[in-house]
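Reading through the structure tokens given below for one structure.
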Amino acid sequence: MIRVSDTISIPEIEIEERFIRASGPGGQNVNKVSTAVELRFDVASSESLPPAVRVRLRRLAGRRMTKEGVLVLRAEGHRTQELNRAEVRERLAELVQRASVEPKRRIRTRPSQASKERRLERKARRGEIKRLRSAKLSLE
């Protein structure tokens, strides 16, 4: 069970892990030992996530999400399977945590009368500077 928050936990049965050969560090073992971890989490059919979190997670995941709604995360930065496994699980939990936070609604505001006047005054001043710059000087 991966605990994401007080209300959200992902059961082990919903997570599929595959161990593959890593391209990173490992010395002589790199060609013999499968230390990289590929974690697959079926977001679309997960019963542990509320629908709103599922939608936000799909948007957050980007190209890590397949067309079928499966989130694919991969870790291969460490030399051991255990460290890579811990890292990929932590990344999953962090991603779901970010998706569980509902974004604040933007409150539309209107500019004040004073700010409108200041803006118009700045525009007029700037226009005056440009007008003086291009003025033809008469040599009399």
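The values are calculated or read from the model by the stated rules, or taken from the named source; none is laboratory data. What you see is a predicted model, and the numbers here were worked out from it, not measured in a lab. Positions of Cβ are backbone-derived with ideal geometry, glycine not excepted, and every protein chain shown enters the neighbour counts. Just so you know, the surface numbers come from the protein's heavy atoms only, side chains and all, with ligands and any DNA or RNA stripped out. Shrake-Rupley method; radii C 1.70, N 1.55, O 1.52, S 1.80 Å.
Miscellaneous remarks
- Apportionment of accessible area to carbon and sulfur, the chain, percent (1.4 Å): 51 percent
- Across 35, 80, the residue with the most accessible area heads the list, and the full order at a 1.4 Å probe is 80, 35.
- Three-way shape label, segment 69-125, alpha-carbon gyration tensor, a/c 1.5: prolate
- Ordering 109, 132, 44 by the projection of their Cα atoms onto the charge dipole of the chain, which places +1 on the Cβ of Lys and Arg and -1 on the Cβ of Asp and Glu, puts 132 at the extreme positive end.
- Mean Cα-pair separation over length for the chain, i.e. relative contact order, pairs under 8 Å, 6 or more apart, %: 22 percent
- Accessible-area ranking of 67, 32, largest first, probe 1.4 Å: 67, 32
- Across 125, 110, the residue with the most accessible area heads the list, and the full order at a 1.4 Å probe is 110, 125.
- The charge dipole of the chain, taken about its Cα centre with unit charges on the Cβ atoms of Lys, Arg (+1), Asp and Glu (-1) only, comes to about 1700 debye.
- Residue 12 contributes about 80 Å² of solvent-accessible surface, heavy atoms of the protein only, 1.4 Å probe.
- The HN-Hα couplings worked out from phi for segment 91-108 by the Karplus form 6.51 cos²θ - 1.76 cosθ + 1.60 (θ = phi - 60°) are 5, 4, 4, 5, 5, 5, 4, 4, 6, 7, 7, 6, x, 6, 6, 7, 9, 5 Hz, whole numbers, x standing for Gly and Pro.
- Note on the chain: along the principal axes its Cα atoms extend 92, 42, 26 Å, ordered by decreasing extent.
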